[in-house]
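Heads up: the structure comes next, in structure tokens.
Each reported figure results from applying straightforward, stated rules to the coordinates on display, with no laboratory input. None of these values were measured; they are calculated from a predicted model. Note that we place each Cβ from the backbone using ideal geometry, even for glycine, and neighbour counts take in every protein chain shown.
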Amino acid sequence: IKLTEFVTANELATMMNVPVIQVISTCMSIGIMVSINQRLDAETIDLVADEFGFKTEYTSAEVSEAVAEEEDSEEDLVERAPIVTVMGHVDHGKTSLLDHIRNANVIAGEAGGITQHIGAYNVRLKNGRHITFLDTPGHEAFTAMRARGAQVTDIAIIIIAADDDIMPQTKEAISHAVAANVPIVFAINKIDKPGANPDKIKEGLAQMNFLVEEWGGKYQSQDISAKKGDGVFELLEKVLLEADMLELKANPNRNAAGTVIESSLDKGRGYVATVLVSNGTLRQGDIILAGTNYGRVKALFNERGQRIKEVGPSQAATVLGLNGAPQAGDQLHSMNTEQEAREIATKREQLAREQGLRTTRRRGLDDIAHEIAVGGVQELNLLVKGDVDGSVEALSDSFIKLSTEKIVVNVIHKGVGQISENDVTLAAASKAVIIGFQVRPSANARKLADQEGVEIRQYSIIYDAIEEIKGTMEGMLKPII
Ligand code: GDP
């Protein structure tokens, strides 16, 4: 096997196509205790590989594929604006809310309106504070990015129309925010409408265990009319309150780090990427690395279409100068030398190719059972879909009750209906297994699950499903039915 030093026990097992538990027990037999994600040195790797009849060949490990980031010291940190995503059911008013915020009197008078859609924009409110809105379409984008390891959102606004019900997509959006551990502020919209009943929505939320503050709970909520603007400023003040509790900080005086939120190939301008800076300052002329692409920043533009020289923490800009289109969710870094940027980009490309050949490793119940057996996991995340609400609830409750002191079972999302692509992305982002009860995945969901290595288990008898999860938790799995 060809490898670099310091691969993890798990990676080594994958390369040799043996269960990781065997790698771990081999290490134990030579007196080395390792965990699944522990990196091994060359000597250990050689011994283990030899045990399984493999010869090792080391490739250069000089260039790591990760960019080393120094820690910021406390005195260099300054407050940064919260990054907010608005999610909700279609037609509940997401676009109207964002439009209102972009255009209306909640914003302090600024030269030049927001004219360009670049995927994110920063507004200065009339109280002088800033908020950055991620303007990506829906929670699919939010979760797709998270599946790639990028957590760009600090706070989620969940918008719900008061003349409607809490819809499946609303529940999904809530699950996505909770799974990402992002605080939620509820916006109960369309209160200007004659049929609006905000209390009914709050009641529905309470039934889902999301009790709003005015009813004694911990979730902030604000009645609004996105159309007229009523309550919108108050909503944003509540978002800022939430932000204050998070104590969001960054160091503007360092090399930039950020996340790609969109990218494209523009006929005239070449590759264009929108980057949301999370730390440091990105400047024109910087050498940058994003995913497998690199280049020198030729120009930066803000959401007003203005050319800017630099962009700081929690601010977004379109960047010209990359040699390709990175993927949404890719991390961007300013680098000290072009050589370093090129080497890492090349290395990543190579790794991506190798991993592609190795095929993505599924993280199914079997793997989880092994990991539990060796004490590697403390959490089992499940996503439950079923044909009727009753069985979904019954199954979810039974699963959660299987939790022990050592292993917690989380149902990160549950719902009625076919297993969708959204379910798969959410499961991928949360390393969850999908449990389908009397339902099947759509063809696209099946394809995506294969690509992402998400396991879908289907059952038609509740007892079987519970027994199997129980078996998994005991670290020994019965054969698949
Ligand atoms: P989205 O699909 O969530 O982006 O929803 P939109 O913002 O496109 O809104 C859907 C419809 O609801 C549009 O016709 C809006 O004009 C209307 N709408 C949105 N907010 C309000 C509101 O506060 N009051 C009223 N009366 N209509 C609203």
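The slack between residue 266 and residue 57, meaning 0.36 nm per residue of separation minus the straight C-alpha distance, is 71.0 nm. Phi angles of segment 455-467 translate, via the Karplus equation with coefficients 6.51, -1.76, 1.60 and θ = phi - 60°, into HN-Hα couplings of 8, 10, 10, 10, 9, 10, 10, 4, 4, 4, 4, 5, 4 Hz per residue; Gly and Pro are given as x. In plain terms, the chain from residue 203 to residue 398 could stretch by 67.7 nm, reckoned as 0.36 nm per residue minus the Cα-Cα distance. In order along segment 237-250, the phi-based Karplus estimate (6.51 cos²θ - 1.76 cosθ + 1.60, θ = phi - 60°) of 3J(HN,Hα) comes to 5, 5, 4, 5, 4, 4, 5, 4, 5, 7, 6, 6, 9, 7 Hz; Gly and Pro are listed as x.
Hey, can you rank 261-269, 65-73 by average C-beta count inside 10 Å, highest first?
261-269, 65-73
Near residue 459, the amide H atoms lying under 5 Å from its own belong to 436, 437, 438, 439; only residues 5 or more places off or on other chains count, and H is placed 1.01 Å from N. Quick one: of the DSSP bridges fully inside the chain, what percent are antiparallel, nearest 5? Antiparallel bridges make up about 50 percent of those DSSP assigns within the chain. Here the label points at residue 405 and residue 230, each 7 Å from Cα along the C-beta direction, are separated by 5.5 nm in the simple model. Among the GluC sites (Glu not before Pro) in segment 277-347, which ones are in a DSSP loop with at most 11 other Cβ atoms within 10 Å of the Cβ? Mind listing them? Nothing satisfies the criteria.
Size of the chain: Rg and Dmax of its alpha carbons, in Å, are 24.3, 75.
Can you pull out the GluC sites (Glu not before Pro) in segment 153-253 whose DSSP state is coil and whose Cβ has at most 10 other Cβ atoms within 10 Å?
Answer by residue number: 247.
Taking a ≥ b ≥ c as the square roots of the Cα gyration tensor eigenvalues, segment 214-275 comes out oblate, since a/c reaches at least 1.5 and a/b does not exceed b/c. For the pair residue 338 and residue 306, a Förster radius of 30 Å applied to the C-beta separation gives a FRET efficiency near 0.65, rounded to the nearest 0.05.
Annotation: for a label point projected 7 angstrom from Cα along Cα→Cβ of residue 193, no residues of segment 227-253 have a backbone N closer than 11 Å.
In the structure displayed, which of 249/298; 126/228; 94/414; 414/470 lie more than 21 Å apart, Cα to Cα? From the list (249/298; 126/228; 94/414; 414/470), the Cα-Cα distance tops 21 Å for 249/298; 94/414.
Computed from label points 7 Å out along Cα-Cβ, the spacing between residue 71 and residue 418 is 5.0 nm. Taking each DSSP H run with n ≥ 4 as -39500 (n - 2.57) and averaging over every residue of the chain yields -10000 deg cm²/dmol at 222 nm.
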